[in-house]
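A.B. asks: Sharing a structure with you now.
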Amino acid sequence: MDVNGLLSNFGELTTTGLTQGAIYALVALGYTLVYGVLRLINFAHSEVFIAGAFAALWTWGALGLTQDSVVSGVGQIVFYFLIAMVAAALASAATATLVERVAYRPLRKRNAPPLAFLITAIGASIVMAEAFGIYTRRLPQGLPTIVSNEPWFTVAGVPVSIVQVLTVVAALGMMIGLDFFINRSRMGRGVRAVAQDPNTAALMGVNKDRIIMIIFVMGGLMAGVAGLLYNVRIGVLTYSVGFLLGLKAFTAAVLGGIGNLRGALLGGFLLGVVENYASGLFGTQWKDFVAFAVLVVLLMFRPTGLLGESLGRARV
Amino acid sequence: MTSLRTKLHDARGQLSDRWHHMPKWTRWVLIAAVVVFFYALPNEGFYQHLGPIPTTESNFGQVLFTVSIYVLLAVGLNIVVGFAGLLDLGYFGFFAVGAYTVAVLTSPSSDLKTLWQWEMALPLAIGITMISGLMLGTPTLRLRGDYLAIVTLGFAEMIRIAAVSSEFLKGQRGLNQIPHPPGEYADGKPVFGVLDARPYYWLVLTLIIVVVILVSNLNRSRVGRAWVSIREDEDAAQLMGVPTFKFKLWAFAMGAAIGGLAGALFAGKQNFVSSQNFELLNSIIILAAVILGGSGNIVGAIVGGGLVAYLIERFRGIELFGIELYEYRFLVFGLTLVIMMIFRPQGLIANRRRSAEFKDRRKEVAVGG
């Protein structure tokens, strides 16, 4: 226990935690959406995230950037950031759709037991992670520096970098957009209807398969943006990072209440901050341990999460 | 295609029918022949006549030891996944708990300095894994089944992180000089030495037989019927008065204990345990083995575990079109899981009852589904 270590770095641990939490939250949204509608833990979502991260990497590569390039000038930064964001979001959405079509839909048609879905999900996840691993020869891939990691301004003596601001702002923006889509749009109403009662929704003329496709696409878009933000923040990409990040994002989703969009947001930020405080307290190597311990303790005492499960529940 | 499939299906059905209609003594003779075959397998004078079966590289006794450990793990996981229908994605975590318990109690490099003998540490290792199974199962088995999957995954990862990071478990440096199992030949040489892997294989094989007899008896008893009812419909089982939580916890703890036994055997053979022995994907290999062989069927689990572990070793060092096949093992097992679940969820050697469950569900496809 190193209480001094925690207190002396409190500000920095908080900002790092919030940045990391923003990425968790974006990935957690994908879990929450799919779980809310299908009652299925989409294990393959971690590789949907990785697909986005690799798409961003390859887009930059195709535009002539190498791992030593440093992009300067606001126009250039915005250009490279946005183009990679579009590529990552599209790649992730496509991957998520593919997983739905290949791995889940055939099982749904056969009314397979829930266990079967989990097993195909984990199988699909491994296939994709390994494919990226074999393609990159299991080596970490260096990334160009798009946005500088230097401190931009300080708040109460804590330096804040552009990357951190960008990550949190981009994540919040995506989430507000998603929240509007689910709660205000016509299609969003369809999503909520299927989540509440799939069979009745189908009888009322909602196309269930299309709604399921939409939630996978939406989750994929969020995960793709998370992949890009991860790249910009960390600067190195290894094929296997998706697994751990996916597991933590799922923890975040459960923490906030799975199926609840705002819960995923809260859970993501909370988990990011808590695990960074823990790393200040016990040392960095125990960070992931604490994150899982949070999950186990949480499931013992409040399995419905902090805000409760809502997407699937009828609101009277 | 369909006709081939039905033909194959019929052939398998006939084989199984013929087996059940054989006189009891014929069955016993056949079983004895299979057992003798597997005991004889690691002897060079025997396996060199078997053509392509022995692996190209390394010591075949060692390969068979690895395979037998996987078979034992598959039999253990089959109780959890196959009988009770609970998805445990961190089964290798229990293997690690068993191996580390033995290592910490016996190794001179451990901080405890107890320096126990292997056979003293063995029952404690099984007990501690069983308790860790109970501790993990008690909070999570009350929840929906899919939470169990994620918590077990997290548990295995926590064990791995603890093994890597904690001072007590020595990380990558590991715990060394773990004693071997006891026993001496008449001339005073130890039975379980360093060079010859065969005695370890025979030990594991014997334990597999014991475990299989115990588990199949249990599966035919009241406990086994309770597991089937939970797997088929938990709510209905509960209504019929089956204490579902108790029996789920039982299955989970028994699976854990068998995982711990395998870990203790591994530690006794290897005499060195470090954090590098416990990669997370190993849990997935065992799961793939159980699913491939046919979950819910002990013979299926044995065949699946043996086949998967053997193929991994068989393809080690073989190149095809300039590609090292060993590199692709996890990719192949991931694909196996997906393909099996879509086309043959009951596994290669199916449990009849289990196949009927899948068929039954297919008829109940919901509206708009």
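A.B. asks: Looking at this structure, is B:Ala289 crowded, with 24+ Cβ neighbours inside 10 Å, out of contact with any Ser or Thr (no Cβ under 6 Å at 6 or more places or on another chain) and within 14 Å of another protein chain (Cβ to nearest Cβ)?
C.D. replies: yes
A.B. asks: Continuing with the same structure: For the stretch B:133-159, what are the residues that are more than 9 Å from chain A (Cβ to nearest Cβ) and at pLDDT 85 or above?
C.D. replies: Hits for the stretch B:133-159 are B:Gly133, B:Leu134, B:Met135, B:Gly137, B:Leu141, B:Thr152, B:Ala156, B:Ile159.
A.B. asks: If the requirement is being in contact with a Lys or Arg (Cβ under 7 Å, 6 or more places away or on another chain) and either within 14 Å of chain A (Cβ to nearest Cβ) or of a type in the set (Phe, Trp, Tyr) (or both), which of these qualifies: B:Phe272, B:Phe278?
C.D. replies: Going through B:Phe272, B:Phe278 in turn, the sole match is B:Phe278.
A.B. asks: Next question. Please verify whether B:Ile126 is among the hydrophobic types (A, V, I, L, M, F, W, C) and either within 14 Å of another protein chain (Cβ to nearest Cβ) or in a helix (DSSP H, G or I) (or both), treating the condition exactly as stated.
C.D. replies: yes
A.B. asks: Restricting attention to the stretch A:1-22, which residues are exposed (fewer than 15 other Cβ atoms within 10 Å of the Cβ) and in a loop (DSSP other than H, G, I, E, B)?
C.D. replies: Listed by number, the residues that qualify are A:Met1, A:Asp2.
A.B. asks: With crowded, with 19+ Cβ neighbours inside 10 Å, over 17 Å from B:Phe65 (Cα atoms) and away from chain A (no Cβ under 13 Å) as the only criterion, which of B:Ile298, B:Ile312 stands out?
C.D. replies: Matching residue, one of B:Ile298, B:Ile312: B:Ile298.
A.B. asks: Taking only the stretch B:105-124 into account, find how many residues are surrounded by fewer than 24 Cβ atoms within 10 Å (Cβ to Cβ), under 16 Å from B:Gly174 (Cα atoms) and touching a residue at least 24 places away in the same chain (Cβ under 8 Å).
C.D. replies: Looking only at that region, the number is 4.
A.B. asks: Take B:Gly98 and decide whether it is over 27 Å from B:Pro179 (Cβ atoms), of a type in the set (Gly, Ala, Ser) and either part of a helix (DSSP H, G or I) or modelled with pLDDT under 90 (or both).
C.D. replies: no
A.B. asks: Provide a single number: the residues in the stretch B:179-200 that are in contact (Cβ under 8 Å) with a residue 40 or more places away in the chain and not in a loop (DSSP other than H, G, I, E, B).
C.D. replies: Number satisfying all stated conditions: 2.
A.B. asks: OK, next. I'd like the full set of residues that are in contact (Cβ under 8 Å) with a residue 60 or more places away in the chain and assigned to a loop (DSSP other than H, G, I, E, B), limited to the stretch B:135-174.
C.D. replies: Of everything in the stretch B:135-174, those that are in contact (Cβ under 8 Å) with a residue 60 or more places away in the chain and assigned to a loop (DSSP other than H, G, I, E, B) turn out to be B:Leu141, B:Arg142, B:Phe168, B:Leu169, B:Lys170, B:Gly171, B:Gln172, B:Arg173, B:Gly174.
A.B. asks: Collect the residues in the stretch A:183-222 that are small (Gly, Ala, Ser) and part of a helix (DSSP H, G or I), keeping them in residue-number order.
C.D. replies: Passing the criteria: A:Gly188, A:Gly190, A:Ala193, A:Ala195, A:Ala201, A:Ala202, A:Gly219, A:Gly220.
A.B. asks: Within 12 Å of chain B (Cβ to nearest Cβ) and either more than 23 Å from the chain's Cα centre (by Cα) or closer than 30 Å to A:Ile212 by Cβ (or both): which single residue out of A:Val102, A:Val70, A:Val74, A:Val86 fits that description?
C.D. replies: A:Val102
A.B. asks: Please tell me if A:Ile215 is closer than 19 Å to A:Ala22 by Cα and either modelled with pLDDT under 90 or surrounded by 15 or more Cβ atoms within 10 Å (Cβ to Cβ) (or both).
C.D. replies: No; evaluated as a whole, the condition is false for this residue.
Conditions tested, residue by residue: (1) within 14 Å of chain A (Cβ to nearest Cβ); (2) in a loop (DSSP other than H, G, I, E, B); (3) surrounded by fewer than 24 Cβ atoms within 10 Å (Cβ to Cβ); (4) modelled with pLDDT under 85.
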| position | (1), (2), (3), (4) |
| --- | --- |
| B:Ala32 | no, no, yes, no |
| B:Val36 | no, no, yes, no |
| B:Pro42 | no, yes, no, yes |
| B:Leu64 | no, no, no, no |
| B:Leu73 | no, no, no, no |
| B:Leu77 | yes, no, no, no |
| B:Val81 | yes, no, no, no |
| B:Val102 | no, no, no, no |
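A.B. asks: Still on this model: In the stretch A:93-127, how many residues are buried (at least 21 other Cβ atoms within 10 Å of the Cβ) and either farther than 25 Å from B:Ala356 by Cβ or touching a residue at least 24 places away in the same chain (Cβ under 8 Å) (or both)?
C.D. replies: Number of matching residues: 15.
A.B. asks: Return the pair list, or none, for Cβ contacts closer than 7 Å from residues in the stretch A:156-174 that are within 16 Å of A:Ile146 (Cα to Cα) and part of a strand (DSSP E or B) to residues that are at pLDDT below 90 and not small (Gly, Ala, Ser), at least 6 apart or on different chains.
C.D. replies: Sorted first by the residue in the stretch A:156-174, then by its partner, the pairs are A:Ser161/A:Asn149; A:Ser161/A:Glu150; A:Ser161/A:Pro151; A:Ser161/A:Trp152.
A.B. asks: Turning to a different aspect of this structure: Can you spot a residue in the stretch B:341-364 that is surrounded by fewer than 20 Cβ atoms within 10 Å (Cβ to Cβ), away from chain A (no Cβ under 11 Å), among the β-branched types (Val, Ile, Thr) and outside any loop (DSSP other than H, G, I, E, B)?
C.D. replies: no
A.B. asks: Still on this structure, please answer the following. For the stretch B:224-270, what are the residues that are over 19 Å from B:Leu148 (Cβ atoms) and of a type in the set (A, V, I, L, M, F, W, C)?
C.D. replies: Listed by number, the residues that qualify are B:Ala236, B:Leu239, B:Met240, B:Leu261, B:Ala262, B:Ala264, B:Leu265, B:Phe266, B:Ala267.
A.B. asks: Could you run through the stretch A:175-212 and say how many residues are charged (D, E, K, R) and within 14 Å of another protein chain (Cβ to nearest Cβ)?
C.D. replies: Total meeting the criteria: 4.
The values are calculated or read from the model by the stated rules, or taken from the named source; none is laboratory data. Everything numeric in this text was worked out from a predicted model, so none of it was measured. Quick reminder, even Gly has a Cβ in these numbers, built from the backbone with ideal geometry, and neighbours come from all protein chains shown.
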